[in-house]
Structures are given as C-alpha cells and as structure tokens.
Amino acid sequence: QTLLSKQVASMTDQRRLELMGEAKDMFYHGFNKYMNHAFPKDELNPLKCSGRGRDKTNPNNIIINDVLGDYSLTLVDSLDSFVVFNDKAGFETAIRNVIEHVSFNVNSKVQVFEANIRVLDSRFDFKIDGYNNELLELAYDLGQRLLPAFQNSKTGIPYPRVNLRYGVPKSETQETCTAGAGTLILEFGVLSRLMNDTKFENVARRALFSIWNRRTDLDLVGNVINIQTGQWIHTAASTGAGIDSFYEYLLKAYVLFGESEYLHIFNEAYSAVLRYIRDETGYLYRNVNILNGGLMSAWVDSLSAYFPGLQVLAGDLDNAIKSHLLYYNIWRKYRALPERFNFHLRNVEIASYPLRPEFIESTYFLYRATKDPFYLRVGEMVLKDLQSYTRVECGYASVKDVLTKKLEDRMESFVLSETFKYLYLLFDTEHIFNKLDDNFVFTTEAHIFPLNAQYWKKTWKHIDNFTCNAYKNPKKLTTSILERPDADLARELVGFEEHFELTTSSCVMFVFEDLSLPHLDPYGYCEAPQMEPLIIDVSYDEPPESSMNQ
C-alpha cells in the first residue's frame, strides 16, 4: 500500500511547471475570448461567442440581474489576475479599459453582496504611468452607491439589493441571507482605511455584529433573516450557500485588521459548527436547525467546498483534510462538483456545475499547509476535467448537467478571477504570494488584499516557514493522504465505486487511475489484509490415571 501511494502521489517539477503553464493558458483563453466577443458586456456567452448583460426584459431574473450590472464585470473581476501572472502590460491595458469604459452611474438593481465581492476592489501594486488613483475613485463611488442599502434598516443589516442610481426600491424585500450581510467587512474596511472615511467600515461592522448578536443559544446563525425585525426566516445553519462567507470573513477580518473581537466570534462560531453541523464521521457538514441542532436536509452544496480551506487558515488541519476528501470523492464520481449532492441517497440533487472555484481553493490551501503532492494531483485532475469537458472555442462553458456533461452558455466572472487563479497558484509553488510574510488575505472572490503597515492596528510576528508543524520536514513523513487508514470513509459516504487497472513490472505497481485510494471498509480498516494461517494444536496428553481418580 505504501509503494502504491508513493507511486500515485509523486509529481516531477517538470510536470508541475507544465500544469502551471496550462492553468495560465486557461485564464488567457477565457479572458481573450471575453474581450474579443463580449466586452464591454458583463459576461461571455462561450457557446454563442457573444456578450451578456442584464436581463432588461425580465427585471425579476435575479439569477442574472443580481450579478450583472452593465459595468464590464468580467474585466473588473479579473484585474488582479494579471498581478498573479506578473503581466504588467496586460494589467495596464485592463486598467485603462476600466477607466475608459466602466461607470457605476447605471440604472441597475444589483445584489449588494455580489457587487461588493466582485467589483469593490481598490488595492493594486503595479505602477502605471499617468495613473491617478482612478480605480480607488471608482471603488469609492461604488461604495457610496451601496450605502443606501444600510439606511432605514432597524437592525443595521442591509437590504439585499440596491439600484446603483436610485437607491433601494420601495418594493425591495426585507429578507436577506446571512452571507449577504456578513461578507462586507473586508472590502468596506479596506476602502474606509484607504480613503480615511470610516462610514463604510462602520456599517459593515454593525451588520456583521447584528447577525452574530441574533445567534441562538447553540451559537448558530440561520440562513435568512428579516432586516427590520431581526427574526430568522430560514432556520437552517450550515457551512454552505447563504451562510458560507460569514464564517470566512470573521477569520479573515482578524488576519487582515488584527482586531481580536473578530477572532473571538469566529472561535465561538466554529466551535458550534464542529459541535452541531459536523456529523459523527467528521467528513460531513450538514444543514441543521439553529434551535436544536436537528438535521433539516440531507444534502451538501458545492459552495461549502471552500470550508476545508478556511479550516486550514484556522489551523484545524485534521478536520480540513477530512472535509476535503468528501468533495474530492464527489468530484471523482462526476468529474465535476454538482451544485447539490444528497448524501443520504448518494446521488446528485442539483446537477449543474458553473465552474465554481471552492474545491480547488481548498486544495490550494491544503497543499500550502502540507506540501503533500497528493493535492497537486488533485489539481491536475480538476484541470484535466475542465479542459476535457468545459473548454470550447470561445472560452469555458458551465456544466448544465454533471451526469451527461451537457453545457450551458455562460462563463461567470469567477471562473477567471478565482478558479484559474487558484489552479495557477497551486502549481506555481515558488510564487511570491506563496511566500509573502504579510497579513494579506484572499477575499471570497479571490481578490488579493494586503494591508500596508500604516493601516495596521497590531504588530505582526514574522515567520520563516508557512507549512504546518507536522509537515515541515517532508523527509520524515511516512504517510500521505492516500495512506491514512480513514481516508476511504469519504468514498463510502459518496457511494463512489472506482474502476482502475493495475499492472506489475519488476514487482512495482502502477496505477492508471491517478488518485485511487486504498480499498478500505466503511469504518476505515483494511478490507483484505494479508493473512497467514494460524495453526492451533488442540490435542493434549491424557493425564495420569492417578490424577483422574482424584
């Protein structure tokens, strides 16, 4: 088993560099097709080779209109990817296109959450001749246009949507999700500090704490809340859609700003997640009732695949490895990650996959923490599947059905800003961002947020090694993820039956299915251990006659 695992997990530097180059090519294939066929529209239709903006014929189409605001979204969302690729010329061209074409003075009702995470980004280090803080001014303008969402809210929790020109419509709903209200503090906080204008950070802090102050006695928060009454409308707690980045921004706000109250809240919230949301196997994080912890549904969603990465950031490596293995096996089963997977039926519940980044994001963080080449192989698997099933002439198309691999004519902006960025950084092990000794974070849209020392509120301790203690000396490691005795329990939970061929040559075993885990039973023990017969001699000598008479 050890020989098999080492053979499967190893990756040469040459292969890693090839994958790094391929990930970079994937970004430019998608971005260049967007610029050639869609810009200045918000998104690319990769099957039609055309652009997509707001659905003006159906204003209630929130799937499109919550995200698209007619402000060249894909271009704006992709800006710091050029920094990652060290492409100064491409960065300068993109910046000048933003300055020339992007305005937020538009009659568009957008979701505050989506506009904040995808667009409100004001920190770049590349120097451009003639640049005069136009991006920062655009970010400030957008921030001002989002502020009306916080007005007239009795709880301080913002309305979910705002018209960028006219403010909050009178007909706007008073119900919003926890993530929508609790995922503003990084962008609003940085904007306040760069502009020396506290109002953005103040409203974001109030919204975040207002959510937390309405937690139940179990320290759980629900999914949907009424912004005026503060009552929970949807009482399911989870690590997935509707709540996910609430947990993420609590911890990352502490990392970025150094204010301990964020860490204190995160620690309490995370303890409740482990106590009530995590199941007894340690692999599943469920939807449970915030009042009693009872199970409310039997599915996990693809957005929750970010959580192992957050667990790495929190220092809980063992739980991160376990939770990641669940999504890894779902991916292997379908060669993609369906929007919902029913763990009771062990089948797809919502079959689409819009090329989300969360699984590869967690894979990236786990590799940075462990340096286990298993995670490089996971990244290679994802890259190959994306290339095989989703690459088309005009970009990358979403998967409408992971069972049939039928495609959908949409390439969301996060494909370029997150999915390909994390893939590239996974393989570029020597990248400066993988060695940066700083309090920088990736936002939930994978925008890179460092904060200069002049804006810090604490002194940061510098460290020399970014690998978790147990993994600092790879030469001393005797086990990999593939060799964990409990590794296959996640496959049992998913109901994945793998098929692969083995051949032997000079007593060495090679695996053609790259990442096959050893066959174990549902409880994590070897199903067919090597056994030697144990011969027990039950014969005995008859006792002396004298003893029998006693």
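The values are calculated or read from the model by the stated rules, or taken from the named source; none is laboratory data. Keep in mind it's a predicted model, so treat the numbers as computed, not measured. Heads up, the Cβs are rebuilt from the backbone with ideal geometry, glycines too, and the neighbour counts pull from every protein chain shown. To get the accessible areas, we keep the full protein, side chains included, count just its heavy atoms, and leave off ligands, DNA and RNA. Shrake-Rupley method; radii C 1.70, N 1.55, O 1.52, S 1.80 Å.
For the reader, a short list of remarks on this structure follows.
- Of all residues in region 216-254, those satisfying the criterion of being surrounded by fewer than 21 Cβ atoms within 10 Å (Cβ to Cβ) and under 22 Å from L186 (Cα atoms) are V224, A241.
- Flag for E261 being closer than 15 Å to N213 by Cα and of a type in the set (D, E, K, R): yes
- Considering each residue of region 299-309 in turn, at least one proves to be farther than 22 Å from T419 by Cβ and at pLDDT 95 or above.
Results for (1) assigned to a strand (DSSP E or B); (2) within 18 Å of T363 (Cα to Cα); (3) free of Cβ contacts under 8 Å to residues at least 24 places away in the same chain, shown as yes or no for each residue.
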position	(1), (2), (3)
Y270	no, no, no
Y276	no, no, no
E280	no, no, yes
A320	no, yes, no
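- Selection over region 147-179 of residues that are in contact with a Lys or Arg (Cβ under 7 Å, 6 or more places away or on another chain), within 19 Å of R214 (Cα to Cα) and either among the polar types (S, T, N, Q) or open to solvent by 10 Å² or more (accessible area, probe 1.4 Å) (or both) gives a count of 0.
- When residues of region 64-112 are limited to those that are open to solvent by 10 Å² or more (accessible area, probe 1.4 Å) and polar (S, T, N, Q), the one farthest from Y28 (Cα to Cα): N107
- For region 336-368, a residue qualifies if it is closer than 30 Å to E430 by Cβ and either open to solvent by 30 Å² or more (accessible area, probe 1.4 Å) or of a type in the set (F, W, Y) (or both), and the qualifying residues are R356, F359, Y364, F365, Y367, R368.
- Output for region 180-198, where each listed residue is of a type in the set (D, E, K, R), in contact with a Gly (Cβ under 9 Å, 6 or more places away or on another chain) and open to solvent by 10 Å² or more (accessible area, probe 1.4 Å): D197
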